[in-house]
Structure formats: structure tokens, C-alpha cells
Ligand code: IPE
Ligand code: IPE
Ligand code: MG
């Protein structure tokens, strides 16, 4: 187990993204309803936010609800939306006091009205904070995000504001919902599944991927520090060879 003192503070990722998975299985293992797992998952969210602040991470993205998750039983979907509203109501004061800025990606207009409103109000309240940017992916689909960016590029070309030869990776990135957010250096998915599930498909091109068997409700400060220690052991080569990386260090 790593401690914060073992970490290289010069090599903390600027942006960490999470696929928070395993709430249901965690609850089932305890003979409880799935929503019990989701409620426990909120405590992990709090712990991870706190740890990110402690480590000096600037951006934290949490995949909280995918467009595919609407297909779950309606009582679970409703329970998740209620948990979201409650969590914002309970946590926004502390988040604001701690300098956390809340952003969202995904189509939040498609959420129930009270969720949408509480998100807008929390985002507005925290908009000038600078300690940590917390990005909640809600009603999010990476493929939808990419299609919308392609349509926006098409519109710019129709309006003669962009020529096809100028459509660089940088320009395309600026048309995504994550336009002002650097790509994650690290993605962590809990609960053993080794898949991306339609999350940040463009932005994860060169991200380090870490899959852990720990279920999300058990993923707390220690597990996060271990994950950062694991990240720090990796050599990010970006297509180069190891010797080139060593000499630039
Ligand atoms: C993640 O846990 C939370 C959401 C997707 C909202 P799951 O609910 O997917 O838990 P498992 O995968 O069924 O264990
Ligand atoms: C991915 O988890 C979505 C979120 C964490 C919100 P799922 O549990 O829905 O993923 P799949 O469907 O098993 O891939
Ligand atoms: Mg799951």
C-alpha cells in the first residue's frame, strides 16, 4: 500500500477520470438492494474529491450516468436521480467552501427537471472556484458528443468560418463538450470490467488505463493513492522509444 509521502508530487496527473462501477454487485454481496450500493458510492465520491484536492489534481471527471443507463429498471433510475439531487443539496456548501468548481458533460437537459435545476444552480454558484474542477458525466455518450462536434464543424464550414483543411485535432477538440479541459492522463475503472462503455472516446486516446477489481463503494483515499503510485511507475512514450523519454527527463 502506498502513502502520500511515497508519491512523486512532481508527477501528479492533472486530470483523472473515473468509471465508477460495481455499486450493484457490492450491494448484492451484502444482500442489499442496488440503491444501497449507489448510496455507499456517494461516500466514495466524497472521499475521491477530498483526496484529489489533497494531491493537487486539477480536474476530476466522474462517469455518473450514461445514456445507456436509462435502460435500467425505472426504480433504479429514479433512485439514482434522487441520490444526485440529494448529494448536490448536501455537498454544495462544502464544495464551494473548498474551491471546487462543478461542471457537467452529457445532455443534462434530458435529466428530470429537479436534477437539471439543481445542477445549473450548483454550477452557477461554484463557477469562479479554482482549486479543483469536478466534471460529472451525466446522460453522457461519447459517440453522441463526437457526432455533435462533427455537426458543429459542418455548420462552421457552411457558414464559411472554417475550411476543411483547417479542421485539425485541436479545432475538433474545441467543438467537444470538454473543450476547455485537458485530456485525462489517467482513467480508473473499478469493479473488474475492462471496457470503456462509451466514455470519453476521443479524449482517452493517450490516457493511461487502470482497471481495479475494487468495487466503487470500497474505493476510497488509500485506493486512489495506490492508483496514482501505479500511474507513476508507467512510462508514457507517446509513440517514441524509451531512450528518448529518458533523455528528456
Ligand atoms: C455503477 O455501478 C453506477 C452506475 C452505473 C450508475 P453499477 O450500478 O453499474 O454496478 P454493477 O456494475 O451493477 O455492479
Ligand atoms: C458505465 O457503467 C456507466 C457509468 C459508470 C455511469 P455500466 O455499469 O453502466 O457499464 P456496462 O454497461 O456494464 O459496460
Ligand atoms: Mg456496472
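Only the coordinates and a few stated rules stand behind these numbers; no lab work does. Treat the numbers as computed from the prediction; the structure is a model and nothing was measured. Cβ sites come from the backbone with ideal geometry, for glycine too, and all protein chains shown count toward neighbours.
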Under 8 Å for C-alpha pairs, at least 6 residues apart: give me the relative contact order for segment 176-249, rounded to a whole percent.
30
The FRET efficiency for residue 3 and residue 77, from their Cβ-Cβ distance with R0 = 30 Å and rounded to 0.05, is 0.15
Work out the P(r) tail for segment 13-232: percent of alpha carbon pairs separated by more than 23 Å, whole number.
48
Sort 202, 70, 216, 26 so that the residue with the fewest other Cβ atoms within 10 Å of its own Cβ comes first and the one with the most comes last.
70, 202, 26, 216
Specify, per residue and in Å³, the volume enclosed by the convex hull of the alpha carbon atoms belonging to segment 1-144.
127
Each label point is 7 Å from the Cα along the Cα-to-Cβ direction; what then is the distance between the points at residue 32 and residue 235, in nm?
4.4
Within a 10 angstrom radius of the beta carbon, how do 30, 233 rank from fewest other beta carbons to most?
233, 30
Going from the fewest other Cβ atoms within 10 Å to the most, one would list 136, 35 as 35, 136
Extending each Cα 7 Å along its Cβ direction at residue 25 and residue 201, get the distance between those two points in nm, one decimal.
2.4
The extension gain from residue 86 to residue 98, computed as 0.36 nm times the residue separation minus the Cα-Cα distance, is 2.4 nm
Over the chain, what relative contact order in percent results from Cα pairs under 8 Å that are six or more residues apart?
29
Along its principal axes, what span do the Cα atoms of segment 46-127 show, with the longest given first and each in whole Å?
38, 22, 20
Given the options 188, 49, 196, which has the most mean-square fluctuation in a GNM of the chain, springs set between C-alpha atoms less than 10 angstrom apart?
196
